[in-house]
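What follows is a set of notes on a single structure, which appears directly below.
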Amino acid sequence: QVRLVESGGGLVQPGGSMRLSCKASGNILTIAKMAWHRQGPGEEREVVALINRAGATTYADSVKGRFTITRDNGENKVDLQMPQLQIEDTALYSCNDYIRSTGMAKLQYYWGQGTQITVSS
């Protein structure tokens, strides 16, 4: 079995910073893509940032130049560094990895449980 566990999140004031981490564990052979998604109140879920195994990254326009996604392949971990947080960044953030595990011929997507970030004064 594969499990994704997130850490970080909580309440932060506008302009503040936060870092999210997501660690994958289980019978993992390789993790191709690692990503952070978010869903704000009354909004659809969107991809915030994505990083492939080689380290190439893509970002949503709303966070480009502010957020930074990094990964540690040895630790099966992906982080999202979020400085200059804005009220509009309030959302439930979830990590999503594309993983090939033992006994599985194909890669599958796995999700973390989600962690809430609330930006408010």
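The values are calculated or read from the model by the stated rules, or taken from the named source; none is laboratory data. None of the values given here were measured: they were computed from a predicted structure. With ideal geometry, Cβ positions are generated from the backbone for all residues, glycine too; neighbour counts draw on all protein chains shown. Quick note on the areas: whole protein, heavy atoms, side chains included, nothing else; ligands and nucleic acids left out. Shrake-Rupley method; radii C 1.70, N 1.55, O 1.52, S 1.80 Å.
Rg to Rh ratio, region 1-64, alpha-carbon atoms and Kirkwood radius?
With Rg and the Kirkwood Rh in hand, the quotient comes to 1.00.
For region 42-96, which whole-number percentage of the solvent-accessible area (1.4 Å probe, protein heavy atoms only) is attributable to carbon and sulfur atoms?
Carbon and sulfur atoms account for 45 percent of the accessible area of region 42-96.
How big is the charge dipole of the chain about its Cα centre, in debye rounded to the nearest 20, if each Lys and Arg gets +1 on its Cβ and each Asp and Glu gets -1 on its Cβ?
That gives the chain a dipole magnitude of about 440 debye.
Given a Förster distance of 22 Å, report the FRET efficiency between Arg66 and Glu46 from their Cβ-Cβ distance, rounded to the nearest 0.05.
0.90
What do you get for Rg/Rh of region 73-118 when both radii come from the Cα atoms and Rh is the Kirkwood radius?
Rg/Rh for region 73-118 comes to 1.10.
Taking the solvent-accessible surface of protein heavy atoms with a 1.4 Å probe, what is the per residue accessible area of region 24-121 in Å²?
Per-residue accessible area for region 24-121 comes out at 53 Å².
So for the chain, taking the charge dipole from beta-carbon charges (+1 Lys/Arg, -1 Asp/Glu), which of Gly9, Tyr109, Ser62 sits furthest toward the positive end?
Tyr109
Just the ratio, please: alpha-carbon radius of gyration of the chain over 2.2 N^0.38 Å, N its number of residues.
For the chain, the normalised Cα radius of gyration comes out at 1.04.
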